[in-house]
1. So in the stretch 29-59, with the set limited to residues that are more than 14 Å from the chain's Cα centre (by Cα) and within 19 Å of MET9 (Cβ to Cβ), which one is surrounded by the fewest Cβ atoms within 10 Å (Cβ to Cβ)?
2. Out of (1) within 11 Å of the chain's Cα centre (by Cα); (2) buried (at least 21 other Cβ atoms within 10 Å of the Cβ), the odd one out for ASN62 is which?
Amino acid sequence: MAAVSDYRMLLHRVSEEITSGELESLMFLCADFIPSHRREEINSTRNLIIELERKGELSETNLVTLIELLRLIRRRDLVKLVHEFAFRNEGSPAVWKKSGNEPVNHNLTRVGELQELDWDHLYTDSSTAG
């Protein structure tokens, strides 16, 4: 029997922590990259994660969509969990670069460069920040 990867364990933990209300919010936030007919078929966070992976919005080397979605639903605890996963896997690409308050610019960065990011910004709600 093959061991479950840390990445899969992370996704399982995230899916277990998301409430049904938060799932509804996530579905709304995914409207730009998951068509409505596909969103209607998604009935769990696990299925949403599978769809994000299928669409290329989520992978072990692309965590920014997950981070942004979790930040937008104010799940700072899960943002931190994903952040910690990225640093545990230092040495391989882990997220797409995000700088300050600017939108994701999709320039691939290495995990070591993540230290330059304003992680406090990712843990806070930008709509209330001054």
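1. If we take residues in the stretch 29-59 being more than 14 Å from the chain's Cα centre (by Cα) and within 19 Å of MET9 (Cβ to Cβ), then SER44 is surrounded by the fewest Cβ atoms within 10 Å (Cβ to Cβ).
2. It is condition (2) that ASN62 fails.
Rule-based calculations on the coordinates, nothing more; no lab input. A quick note: this is a predicted structure, and the numbers were derived from the prediction, not measured. Note that we place each Cβ from the backbone using ideal geometry, even for glycine, and neighbour counts take in every protein chain shown.
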